[in-house]
1. Once amide H atoms are placed 1.01 Å from N in the peptide plane, what residues at a sequence separation of 5 or more from residue A:126, or on another chain, have their amide H within under 5 Å of its amide H?
2. Kindly rank B:139-147, A:101-109, B:176-184 from highest to lowest mean number of other beta carbons found within 10 Å of each residue.
3. Starting from one equal scatterer on each C-alpha and no solvent at all, send me the Debye-based log10 I(q)/I(0) for region A:50-274 at q = 0.11, 0.12 Å⁻¹, two decimals.
4. Could you work out the helix-only [θ] at 222 nm for chain A, with each DSSP H run of four or more residues adding -39,500 (n - 2.57) and the total divided by the number of residues, to the nearest 500 deg cm²/dmol?
5. Report the antiparallel proportion of the DSSP beta bridges in chain B as a percent, rounded to a multiple of 5.
6. Straight-line reach only, C-alpha to C-alpha below 25 angstrom: list the lysines that residue B:48 could link to, leaving out same-chain residues fewer than 8 apart.
7. Using the beta-carbon distance between residue B:7 and residue A:97 and R0 = 51 Å, what value does 1/(1 + (r/R0)^6) give for FRET efficiency, to the nearest 0.05?
8. Counting only other chains, and only Cβ atoms inside 10 Å, what mean value do you get across the residues of B:112-125?
Amino acid sequence: MTMQSTATPVQLLPRRDYVTPVLWVVLFFMVLGVVINLFTNPRWRWDVVSQYIVSEQILAGLATTLWLTALSGIVGIAIGLVTAAMRLSKRAPLRMIASVYIALSRAIPALVLILFIYFFAALVPNIEIGLPFLPPLISVPTNSVITQFAAAVIGLTFILGAHLGEIFRGGVLSVDKGQQEAARALGMPPSTTQLRVILPQAIRVSTPAGANDLISLFKNTSLVSIIGYTELLTTVQSIYARTYETIPLLLVACIWYMALTLLAMGAQRLLERRMSRGFSR
Amino acid sequence: MSTQLTHPAVSCLEVSKSFADLEVLRAISLDVAQGEVVSILGPSGSGKSTLLRCMNRLEQPTRGLIRIHGDPMGYLEEAPGRFRELPERDVARQRRQIGMVFQRFNLFPHMSVLENIIEAPLRVLGSGKAEATEKALDLLARVGLSAKRDAYPEQLSGGQQQRVAIARALAMEPRVMLFDEPTSALDPELVGEVLDVISDVSRSGMTMVIVTHEISFARDVSDRVVFIDNGSIVEMGPPQQVIDHPQEERTRTFLSRVKQAELA
Ligand SMILES: Nc1ncnc2c1ncn2[C@@H]1O[C@H](COP(=O)(O)OP(=O)(O)OP(=O)(O)O)[C@@H](O)[C@H]1O
Ligand SMILES: [Mg+2]
């Protein structure tokens, strides 16, 4: 006969926790307060919101925002890949160019940068292409090249490209050194090694942070309202400048920004799942 | 081709290698004949991996020249005795005749087993997909992993991963195979399956250079054993001589230490 067989059955209880229930109560009243305000505060002007939310003018502004996001996003990704490759290059001049670019993009506030590019003509009246100290082959007035749209795209890609460049570089550095060695030992030339072995693994690691950047870009397009380019925010501003319905119109913009951001986050999760082929982590 | 018969498969001539101030290889000269199996033994840090990695130029020797079937690795012989360093792309072409198996397998984690094996034949040799797949399946059968063709590396045991890595190297139809401690990262019960595959490859007449701490395996499989210490060859000869009747004190010390470790 053993001791255990006669012992009374044990009862295991969870730790006492008084904090979580209190937090639930606080959360409940916070949500309740917001909901009540949304329904009872007349200054939200839901009638105005519903009047504008799918109006032609707003949708046109939204379309411009999306177009600006898509174009800047694609160009920004390309610049990011090139920047990462340059920073990892064994050729010092390429590394230096990329480092200076990244330092600049970090140091200059986005709003200032966009203004600077838009008013670039004041600094360089004509854009000239040619060899140093020789008459230019091509010369065009800067103002004809840097339109509001061009300034917007250049400004946004300048920031995004540098940021993605650092993210991609981190991704490449995270790939085990043995991967490159295995590829080289199989006789793969450097381009094949990078494209087939390193990049797919680097992109997987970079996807979460990179997708975040693209979602931020969508919202950052609102910065270009500073140079009067007519995207969603500028559209909204021009309407409330006329009607003084400021809050409801800002709400219209917020609703669209939030809805599309949520959609993009869903897409991000799908993408991450797809990229994780062969990785259970 | 007939002239190449006169060349050793691997020929190292006074190869030295330093990392900054650290001299890792000191004027190593070593020839490996075609079809010969050579094992390299030596204490940790003696330069075994570095020598192997110099052979396929993953590492560049500081001095000396390595030829694979007469072809100077990393160089073009512009005129007799004048060697011009080749760009990486051309070195990659030279490496296709040398297969390498790593201690930590280094399979491509984002590719299935089959994709791992056909990747280099497709991209590097320009083989057709059907042809490359057929050859890959033959190799998988040979290493006993036909059932795993669609698995991803992380789903395999270490021993299985290493067998896939061997199949991947063989798919390039190399003339020389290099093994760098192929079983050191494995749980003891998985060592045997990998050693069996390596013995099988050696019986096919492949030229092989194997860095290993498996003394009895080295005795069974090798035509010649090289003992390296501190970047120099201390002793070299048939396994019955170097392993069973070592002439040098350092070899004896090393072997008795390894045997003690195995008993422990
Ligand atoms: N890339 C490198 N940079 C600097 N030192 C290195 C590098 N690679 C190797 N070494 C040094 O060279 C020496 C020899 O290394 P190597 O890997 O060739 O030894 P080994 O004989 O293979 O040892 P082990 O049995 O532990 O694998 C070691 O002292 C190591 O620290
Ligand atoms: Mg080693």
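The values are calculated or read from the model by the stated rules, or taken from the named source; none is laboratory data. This one's a predicted model, so the numbers in the text were calculated from it and none came from an experiment. Note: ideal-geometry Cβ built from the backbone for every residue, glycine included; neighbour counts use all protein chains shown. Heads up: the accessible areas ignore ligands, DNA and RNA and are worked out on the full protein's heavy atoms, side chains in. Shrake-Rupley method; radii C 1.70, N 1.55, O 1.52, S 1.80 Å.
1. Amide H neighbours of residue A:126, under 5 Å, 5+ apart: A:142.
2. The peptides rank, most packed first, as B:176-184, B:139-147, A:101-109.
3. Here the Debye-derived log intensity ratios amount to -0.69, -0.80.
4. Details: 12 runs with 194 residues, N = 281.
Rounded to the nearest 500, it is -23000 deg cm²/dmol.
5. Percent antiparallel among DSSP bridges in chain B is about 60.
6. Output for residue B:48: A:177, B:17, B:259.
7. Using R0 = 51 Å, I get an efficiency of 0.65.
8. 3
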